[in-house]
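Q: Handing you a structure now.
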Amino acid sequence: MRVRPDVSVVVIAYNDAGRLPRAVRSALGQTLGGVEVVIVDDASTDGTGEAADRFAAAHPGRVRAVHLPENSGGCGRPRNTGVELARGDRVMFLDSDDVLDRHACLTMVAAAEETGADLVSGLCVRSHLGPKARETPWYPRLYRRRAVHDSVLDHPDLLYDTLSTNKCYRRDFLLDRGLRFVEDLHYEDLLFSAEAYLAADRIAVVPHRVYTWYVEADADRPSISNRRRELRNLADRLEIHRRIDRVFRAHGAADLKAAKDVKFVNHDLLLYLDDLRARDEEYRRRFLELARPYVAGLDPGTLAAARRLPAIAAYMVGRGDLEGAISAAEFARKKIPELRAELVEHEGRVYWGERHLRDGPGREILDVTALGIHARPLTELRPATTATALRRAGRRARLTGLVANPLGRVPAGARLRGEVELRDRRHRRRTVRFPAEFAHRGDAIEFRAGLDTARRVRPIGLVDPLWDARLIMRVNGDRLVLRIGLAGGGAGVTGVPLPVRPRLTRLAGTRLRPYETEAGNLSFVLEGGGLLTEPFKAALRALRHSPAFRRAWRGLRRAERSARSLRAALRRRLTARKTKIAVFNRVLSRLPVRKGTVVFESHLGKQYSDNPKYIYRELRRAGVPVRAYWSYEGSPKGFPKDAALVRRGSWAYFRALARAEFWIDNQGFPEGLRKRKATTYLQTWHGSAYKLMGFDQPALKNATRAEQQRFRRAVERYDCFLVRSAHDERTLVPGLGVTAELLPAGYPRNDPLVRGSGGDPELARELADLRRELGLDDGRTVVLYAPTFRGGPGGRPVARAGLPFDAARFAAELGGEQIMLVRPHYLCRTVVPRGLRHAVRAAGHIADVTPLLLLADVLVTDYSSVMFDYALLDRPMIFYTPPEPEPAPPPGRAWAPRGRESPGGYFDLAAHAPGPVVEDEDALFGALCNLDAVRDDYAGARHAFADRYGEHDQGTAAAAVVGRFFGKGARRG
Amino acid sequence: MADARGRGRDVFIVCNNVEEMGGVQQWAHGLARLMSGRGHRVILVGITRAQVPHDFGGPYGEARPYKVEHLHETWTLPALPWRPRTFRARADVRARLRDGRRAAAVRRGAERLSELFAGARPGGVVIVAQVWAMEWVDLARTRGLRVVGMCHESYQASRRSSRYARVRELYAGADRMLALTAEDADAWARDGMANADHMPNALHVRPGSVPAEREPVVVCVGRLAHEKGVDLAIEAWAAIAERHPEWRLRLYGTGPREDDLRAQAARLGVAGSVEFAGVTADVPGALGRASVFALPSRQEGLPMALLEAMAAGLPAVAFDCAPGVRDLVADGRNGLLVRAGDTAAFAAELERLITDPALRARLGGEAPRAVRRFDPEAVLDRWEWLFGLLHRGLPPLTVPPPAAPRGATAPALGMDPVRDDRLDL
């Protein structure tokens, strides 16, 4: 028999008799045999101690129970006591409300023995209980892969995980280094973990889940870490931080202190700011008293190193501007945050408000240009909305308020529509809407709405006491959903109750009283006026709290929930793409084909553009009687009005495809759709290839057989494939595995490039509109920057990329004579510095690139296929190919793909390019300065390039396609 | 106390089949032989038998030092339990009956397994080499034994196949789940398998034996199947073959795609320089005669062929298709790694080796050192350490695991599985 167990699990408990057995069982049920349990009962009064004793009696030699003589009020003393009693080689801590994974001890001991580490740390998962049950891993980025660190100094990120529970400590290490929890402060974990990390000679990390931290949904029984609200906690936390600073100083670990301070700003401070909005004045004052000196004492570099919005919040705390700090903190933590700050613009940079711009380092910290808030679509922005007045005249009431208009994003001429909405908080589908009017008023937008609650809102009464107010605002078709906030404690609003008639008669209430929610928003509560109401409600309350009623109610709620989830599942199943494709293949495609129907799609429905657009226009111009459908993804804005529009993936879309005589697109209709013989599929493709395509791409070569076959089947649907040169036939056709007839007509989208816009009034109008919209009428040279797709981690497009050169420098050096339009690949988004719009403008929102090519006097690109099109215009081209940064590992994977790569183009760009190929900014600007030289030096190369890759582009492609398929006696497919 | 017993444990190695010719079988017999050498009593269990059993005798045809058992003489029933998805499928009475027969057969097999396990002394271990076999082990009585499940392929490869769901379901209850490399184990752990660990394959040839004569041959050893990517090797070869007429690409192995591959070689005009050498019993000899090793696989676990090639001092060009490959080849030091599927780069690296004997010598000279940690002794030590860990201390009490609260399931931190239509066992 071994004398010492491998692991001692110290379970601490205080008044938790209900959950303690679960925790102890998880420690006893380990796959590792040699585990002993030490239960430390912190002077509980509810039978926890007895439960512990029962375990000790049932498992002699494996479980011991000790009882502290008096309650310690924290976790420190019980844990210290447990360590003193532990006999195992290693120690782990477990709280009575949490559990260890079944394999935790074995994993920890294995890692410790393999690496010889003093301290092994594994993944902790927070399991949220209650109706919204879910699990969230705790700092998963630290636990992507196993690792061994000789010192925490090599990997200071570890300090982010300050829990003491998901770790396994060598017991002698704790004793030799005198590592103990402090006993008089909360957040003892933070200090203990910091000391342990620093003292450990070797630290091992394993990606395994070892610990489950249960988070209760109801705050009735707040655990210690849940009681953020209490100021003492903040005082404790700050004291702990000061002590940690001392520890770091003692170890000479300045880097760690910096990293910890950054974490304090990024994480800890935000937690407190988060629920500050609902606190009273006194609380806020005390908060500021505590937090301000600490924040002011942070190193100057801390805020610069922290994430921008938390840094702004901390900066505001340091300036004593709590309101501003709360706004920034909220913006940092919410997915679609409310923008309460008034963004300002100075010299091309966007700043988070005017207030503190000139104090100290304000300019640097408040600069939020890089966040791209100014470039976000309106729908991803929630401008702060406040109710300013609620007036009642008789039975009618009128609500007025203001919606902020950051940086004038809602233009003066915008079409504004919308309504104020009252929504039953418990049944969100019960809403009542009141039309609202909008008007620009100074920097903001005013809204007014008549709230005719007496007639229109009919609450049931008693079951639906709370109604939230929201403002729906449509700006030129974009729908913004805004919570209505209250300013100045709701003066002018909260004192005005609205009349209402509940369905359960007036006994249930007579008016909706406006009040301010914890988050500071406007809501209404149903209140009774009559004398009868209160006793009636009291009786109901008594009934509601009776156990029988609660049981019945819970049962009802559960039944309702499961019915709802069943309905949702059924709906998902019925509307799933898989279902639709199956129905398409088995049912819809048996419907008769309707002669003369054409379904058009460009770039998977994202745009009205490219070859399909120009074929469609030619059909219209030639007056061919076709019934045309255009597929759109997202918004139908910009699609032709004389075509039937179908949303990609909708039933209407599949119906249209099933019955169409022609499919015309440039990328691919949904994989898995079987095209029948009677339908002719014209694949126009979206550009000649420089980059490898299809089976020439390593990713597809490496794919499984099933994946390859899926691709092949999708391509085999083509009946006709448009090519513009022998180059296409050599590259695209074999690369994609095209088996269709090749139609060497050239690209319809390039007709205007060859022929110009003359003779096409529609295009001329489009160009004039575009010129006006982009403001290109001042005679400056137009530079179009159109780079190709930029893949981020995992091959997905980069969500928001900056420009790979200094736009400000372009504006300063060349902005006098030139203006740059930036058009990223249609899947990418580029942040164009807003303040430079006199010289650099975004053109990513313009769907069709052809008019942009016509407007541009010079093209700058990297590997985009627009090079082949633009060459037809015989204007200067510059190839800007800065070296790409090392790709970061894709999410969910710890390693970046390695291995040598081939250059990955169909030809050597440097040898064939019809313009200078430059790799750095200086050379790019140099070339832009000498456009004449570029034009002259490369004239020969340009002609050769255009001839080579645009062989069949003779300006008659659209007509040729229409003649081939829609002309008199045309062959079909 | 288990540790005191140390040597001489009862070890059961359970495979789908231990008689067919295949990588897992070779591994199982090899491990059984090695463990027997350390004094363990090994019983190799096959769920089914092969029609024509392969002889897994020792190098010199000596008798097996371990026992071999089978649960079923033949297996004609469906491979997997019946999981009807639609209402119509549920109404299929014949399938239901067939599944009933299948379940009864599995129970009979598991009963046989229980009998075998019952003979084990305390401290025994069951190694389940393939997830299909786990269904039997799960039903069998394993009291007093520790169960270890193994995954002989990369995490990504599992993920793309139907095995993924079965590994998650059946191995979740195992005391340990072993992947081939630490990186794969980490991937499983991230995916919620808290029992994931790793155990490399043992190398059965002694590294570092320098061959006398090298021929101008690029050698490739593997089944001629899609996932082994031999078509990619031929494609790469076609790009350089013309410039090196004295060199040959020699393919060992056979498989379903052989005809396609011959046709491909002819189409690309390299039929003359690509040799289909068939199956060889003497892999070390075949490797010893070649100058360069190519691993064009699309999917791998810890490729034994690459391991053996490196042990034989061959410089290798390999697609970076799995952690097992990265684990072996340090690019530029003991071999060359190429982005998976990038045949142009593969061709370029092959050509570099073909034209640069000094590079071949440098990489090939370094290669045996890199595979020393797969030495049988080292791998056996790791196995025994794991056995000790699993049997350390008192056996755990029979307490039911804590009931998971509502909605709390193992987190799937990775992506959704990409399932292949194929069904591999």
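Q: Just to confirm the number: angle between the C-alpha axis of helix A:254-263 and the first principal axis of chain A, 0 to 90 degrees, nearest 10?
A: Its long axis makes an angle of about 80 degrees.
Q: Please compute the modelled spin-label separation between B:ALA104 and A:ASP299, points set 7 Å along Cα→Cβ, answer in nm with one decimal.
A: About 7.6 nm, to one decimal.
Q: Antiparallel as a % of all DSSP beta bridges within chain A, to the nearest 5?
A: 50
Q: With springs only between Cα atoms under 10 Å apart, run a GNM on chain B and tell me which of B:LEU178, B:LEU251, B:LEU77 wobbles the most.
A: Fluctuation is largest for B:LEU77.
Q: A follow-up question, please. What share of all Cα pairs of region B:126-204, in percent, falls into each consecutive 5 Å distance bin?
A: 3, 17, 30, 25, 15, 8, 2, 0
Q: Set the Förster distance to 30 Å, then compute FRET efficiency between A:ASP245 and A:GLU281 from the Cβ-Cβ distance, nearest 0.05.
A: FRET efficiency, A:ASP245 to A:GLU281: 0.45.
Q: Roughly what % of Cα-Cα distances in region B:265-369 sit above 15 Å, to the whole percent?
A: For region B:265-369, the fraction of Cα-Cα distances above 15 Å is 62 percent.
Q: Still on this structure, please answer the following. Sort B:ASP356, A:ASP268, A:ASP751 by Cβ crowding within 10 Å, fewest neighbours at the top.
A: B:ASP356, A:ASP268, A:ASP751
Q: Could you work out [θ]222 nm for chain B from helices alone, using -39500 (n - 2.57) per DSSP H run of at least four and dividing by all its residues? Round to the nearest 500 deg cm²/dmol.
A: The per-residue figure over chain B is -11500 deg cm²/dmol.
Q: Tell me which residues come under 5 Å, amide H to amide H, from B:ALA196 once H is placed; ignore anything under 5 positions away on its chain.
A: For B:ALA196, whose amide H was placed from the backbone, the distant partners under 5 Å are B:MET177.
Q: For the Cα atoms of chain A, what angle does the longest principal axis make with the long axis of helix A:308-318, in degrees from 0 to 90, nearest 10?
A: Relative to chain A, helix A:308-318 is tipped by roughly 50 degrees.
Q: Could you tell me what fraction of 2.2 N^0.38 Å the Cα radius of gyration of region A:600-732 comes to, as a two-decimal ratio?
A: That works out to 1.10 for region A:600-732.
Q: To continue, here is another question. Distance in nm between label sites at A:ALA582 and A:ALA910, each 7 Å beyond Cα in the beta-carbon direction?
A: Taking the two extended label points, one gets 5.5 nm.
Q: Convex hull over the alpha-carbon atoms of region A:478-625: what's its volume per residue in Å³?
A: Hull volume normalised by residue count: 294 Å³.
Q: Taking each residue in B:342-355, count the Cβ atoms of any other chain within 10 Å of its Cβ, then average. What number comes out?
A: Values: counts 11, 5, 7, 7, 5, 1, 3, 3, 0, 0, 1, 0, 0, 0.
Mean shielding by partner chains, rounded to a whole number: 3.
Q: Using a Förster distance of 60 Å, how high is the FRET efficiency between A:ARG426 and B:GLU215, based on the Cβ-Cβ distance and rounded to 0.05? List each step's numbers first, then the result.
A: Working: r = 80 Å, r/R0 = 1.34.
Result of the calculation: an efficiency of 0.15.
Q: With charges only on Cβ, +1 for K and R and -1 for D and E, what is the dipole size of region A:914-973 about its Cα centre, in debye, rounded to 20? All intermediate terms of the calculation are to be shown ahead of the outcome.
A: Working: 7 positive and 10 negative charges, 220 e Å.
Roughly 1060 debye, rounded to the nearest 20.
Q: Further, regarding this structure: Could you work out, residue by residue across A:198-209, how many beta carbons of other chains sit within 10 Å of that residue's beta carbon, and then give the average as an integer?
A: Mean inter-chain Cβ contacts per residue within 10 Å come to 3.
Q: Would you list, by chain and number, the aspartates and glutamates whose Cα falls below 18 Å from the Cα of A:LYS260, excluding same-chain residues fewer than 8 positions away?
A: Here the aspartates and glutamates satisfying the reach criterion relative to A:LYS260 are A:ASP154, A:ASP157, A:ASP161, A:GLU188, A:ASP189, A:GLU195, A:ASP236, A:GLU239, A:ASP245, A:ASP268, A:ASP299.
Q: Which of the peptides B:296-306, A:700-710 is most tightly packed, and how do the rest follow, judged by the mean count of other Cβ atoms within 10 Å per residue?
A: Going from most to least packed, we get B:296-306, A:700-710.
Q: Would you mind listing how long region A:712-779 runs along its three principal axes, going by Cα atoms, in whole Å with the largest first?
A: In descending order, the Cα extents are 49, 21, 20 Å.
Q: For chain A, what does the relative contact order come out to in percent, with C-alpha contacts under 8 Å and a separation of six or more? Let's see the in-between values first.
A: On the way: 1836 pairs, mean separation 61.0, N = 973.
For chain A, the relative contact order is 6 percent.
Q: From the phi of every residue in region B:376-381, what ³J(HN,Hα) in whole Hz does the Karplus formula 6.51 cos²θ - 1.76 cosθ + 1.60 yield, where θ is phi - 60° and glycine or proline is x?
A: My calculation for region B:376-381 gives x, 5, 5, 5, 5, 4 Hz in order.
Q: Sticking with this structure for a sec: For the residues A:TRP553, B:TRP237, A:TRP352, B:TRP75, what sequence is obtained by ranking on other C-beta atoms within 10 Å, fewest first? List each step's numbers first, then the result.
A: Numbers: A:TRP553 11, B:TRP237 27, A:TRP352 30, B:TRP75 17.
In order of increasing Cβ crowding within 10 Å: A:TRP553, B:TRP75, B:TRP237, A:TRP352.
Q: Right, next: Working out 0.36 nm times the residue gap between A:ARG441 and A:GLU70, then minus their Cα-Cα distance, what length gain in nm do you get to one decimal?
A: The span from A:ARG441 to A:GLU70 would gain 127.1 nm if fully extended.
Q: Follow-up. Cα extents of the protein assembly as shown along the three principal axes, largest first, in whole Å?
A: Dimensions of the protein assembly as shown along the principal axes of its Cα atoms: 94, 92, 72 Å.
Q: Residues in region B:225-252, backbone N under 15 Å from the label point at B:ARG262 (7 Å along the Cα-to-beta-carbon vector): list them, ranges by number please.
A: B:251-252
Q: Let me ask something additional. Report, to two decimal places, the Cα Rg of region A:678-747 normalised by 2.2 N^0.38 Å (N = number of residues).
A: 1.10
Q: So, one more: For B:VAL45, what residues show an amide H to amide H distance below 5 Å, using hydrogens built from the backbone and excluding near sequence neighbours?
A: Result for B:VAL45 returns B:ILE13, B:VAL14, B:CYS15, B:GLU69.
Q: Then there is this: Taking the beta-carbon count within 10 Å as an exposure proxy, list A:PHE600, A:PHE55 from fewest neighbours to most.
A: The most exposed by this proxy come first: A:PHE55, A:PHE600.
Q: Do the sum for chain A: with -39,500 (n - 2.57) for every DSSP H run of n ≥ 4, divided by all residues, what is the mean residue ellipticity at 222 nm, to the nearest 500 deg cm²/dmol?
A: Using -39500 (n - 2.57) per qualifying helix, the result is -9500 deg cm²/dmol.
Q: Could you please report the charge total around B:LEU224, scoring K, R as +1 and D, E as -1 over all other residues with beta-carbon less than 12 angstrom from its beta-carbon? Mind showing how you got there, number by number?
A: Values: positive: B:ARG223, B:LYS228, B:ARG257, B:ARG262; negative: B:GLU227, B:ASP231, B:GLU258, B:ASP259, B:ASP260.
That works out to -1.
Q: Still on this structure: Between region A:63-128 and region A:595-650, how many Å separate their Cα centres?
A: About 65 Å separates the Cα centre of region A:63-128 from the one of region A:595-650.
Q: Using only the Cα atoms of chain B, what do you get for the radius of gyration and for Dmax, in Å?
A: For chain B, the Cα radius of gyration and maximum Cα-Cα distance read 22.9, 70 Å.
Q: Going down the table (A:LYS613/A:LYS637; A:LYS701/B:LYS228; A:LYS613/A:LYS691; A:LYS641/A:LYS675), which pairs top 19 Å between alpha carbons?
A: Cα-Cα > 19 Å for A:LYS613/A:LYS691; A:LYS641/A:LYS675; rest within.
Q: Quick one: putting +1 on the C-beta of Lys and Arg, -1 on the C-beta of Asp and Glu, what dipole do you get for the protein assembly as shown around its Cα centre, in Debye to the nearest 20?
A: 7900
Q: Could you work out how far apart the two model spin labels at B:LEU80 and B:GLN26 are, taking each label as a point 7 Å from the Cα in the direction of the beta carbon, and quote it in nm?
A: So the two model labels end up 2.7 nm from each other.
Q: Another one. For region B:206-292, what class follows from the C-alpha gyration tensor (a ≥ b ≥ c being the square roots of its eigenvalues): rounded when a/c is under 1.5, otherwise prolate if a/b is larger than b/c, else oblate?
A: Working: a/c = 2.34, a/b = 1.32, b/c = 1.77.
Oblate, because a/c is 1.5 or more while a/b does not exceed b/c.
Q: Just how large is the dipole of chain B about the Cα centre, in debye to the nearest 20, putting +1 at every Lys and Arg Cβ and -1 at every Asp and Glu Cβ?
A: 1600
Q: Can you list residues whose amide H is under 5 Å from A:GLU446's amide H, if they're 5+ apart or on another chain and H is modeled 1.01 Å from N?
A: A:VAL403, A:ALA439, A:HIS440, A:ARG441
Q: Can you work out the Karplus-derived ³J(HN,Hα) for every residue in region A:615-631? Use 6.51 cos²θ - 1.76 cosθ + 1.60 with θ = phi - 60°, whole Hz, and x for glycine or proline.
A: The phi angles translate into 5, 4, 5, 5, 4, 5, 4, 6, x, 6, x, 10, 9, 9, 10, 10, 8 Hz.
Q: If you don't mind, there's one more thing I want to ask. R0 = 35 Å: FRET efficiency of A:GLU901 with B:THR280, Cβ-based, nearest 0.05?
A: The formula returns an efficiency of 0.60 here.
Q: Go through A:926-937, B:181-192 and give me the packing order, highest mean Cβ count within 10 Å leading. Don't jump to the answer; show the numbers that get you there.
A: Working: A:926-937: 15.8, B:181-192: 24.3.
Result, highest mean Cβ count within 10 Å first: B:181-192, A:926-937.
Q: Which of B:TYR155, A:ALA52, B:PRO357 sits closest to the plus end of the dipole of the protein assembly as shown, meaning its Cα is farthest towards the positive end, when Lys and Arg get +1 and Asp and Glu get -1 on the C-beta?
A: A:ALA52
Q: From the backbone phi of region A:696-709, what are the Karplus-calculated ³J(HN,Hα) couplings (6.51 cos²θ - 1.76 cosθ + 1.60, θ = phi - 60°) in whole Hz, Gly and Pro given as x?
A: Each residue of region A:696-709 in turn: 7, 7, x, 4, 6, 4, 7, 6, 5, 4, 5, 5, 5, 5 Hz.
Q: Which of B:ALA266, B:VAL317, B:ALA277 sits farthest toward the positive end of the charge dipole of region B:254-324, with +1 on the Cβ of Lys and Arg and -1 on the Cβ of Asp and Glu?
A: It is B:ALA266.
Q: Based on the alpha-carbon gyration tensor of region B:150-289 and its eigenvalue square roots a ≥ b ≥ c, which shape applies: rounded if a/c is under 1.5, prolate if not and a/b is larger than b/c, or oblate? Write down the numbers at each step before the final one.
A: Values: a/c = 3.00, a/b = 1.84, b/c = 1.63.
Here region B:150-289 falls in the prolate category.
Q: Between region A:906-973 and region B:263-282, how many Å separate their Cα centres?
A: 43
Q: Using the alpha-carbon atoms, what tilt in degrees (0 to 90, nearest 10) does helix B:343-355 show relative to the longest principal axis of chain B?
A: Once rounded, one gets 60 degrees.
Q: Roughly how crowded by other chains is peptide B:328-340, in terms of the mean Cβ count from those chains within 10 Å of each of its Cβ atoms?
A: 3
Q: Continuing with the same structure: Between rounded, prolate and oblate, where does region A:1-106 land on the alpha carbon gyration tensor, with a ≥ b ≥ c its root eigenvalues, rounded for a/c under 1.5, else prolate if a/b exceeds b/c?
A: Prolate, since a/c reaches 1.5 and a/b exceeds b/c.
Read-outs throughout are calculated quantities, based only on the coordinates presented, and are distinct from any laboratory measurement. This structure is a prediction, so every number in the text was calculated from the model and none was measured. Because the Cβ atoms are built from the backbone with ideal geometry, glycine has one as well, and the counts that use them run over all protein chains shown.
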